[in-house]
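Step one of this worksheet: look at the structure below.
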Amino acid sequence: MTDAACLESDECNPYAAPEEIRGGDEDDHRLSPFERQCLSAGRLFFFWEKLRIAYNVILGLEAAAILAVALSSGNSLGRIVVELVFAGVIANVCFCVGPVINCYVNWLGLRTRIVTWVLFVLGAGFAMFLGLTLLLVTGLEANAEFEGF
């Protein structure tokens, strides 16, 4: 491309706005294999960030139930809130494992939404199990404190 033609088109303009990312860009033959993988991974991580909303709603409902049960069994509000906030932070850090595993599975050739949903359900189920374990442990500690009086 000549200099004059390059100046008139956005193709050579480093300050031009990026093109909109469309669904079929992974098949664009102008992209290198690495660029196609990056595009696919970016879409996958964006999808997982949407799933994070559902994940937090599910665990928030469970946390509300745990809080209600813990308060009715005599635990102090401050202690249980601190434990729930700590557990929520840990749960969201653990959530980050899902998209990473999903990316590796994608890279190995299993490019299907079923894998994403299976990983999400397994991870959310495991986080809920840990929350119920927290409830059980705090319930046992509260019962032990009452028996000591």
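Counted residue by residue at 0.36 nm each, then reduced by the alpha carbon distance between them, the extension gain from S72 to I101 reaches 6.5 nm.
With the cut-off at 18 Å, report for segment 32-148 the share of all Cα pairs above it, as a whole percent.
Value for segment 32-148: 57 percent of Cα pairs lie more than 18 Å apart.
Each value in this text was obtained by applying a stated rule to the coordinates, not by laboratory testing. The shown structure was predicted, so the numbers you read here are calculated from the model rather than taken from an experiment.
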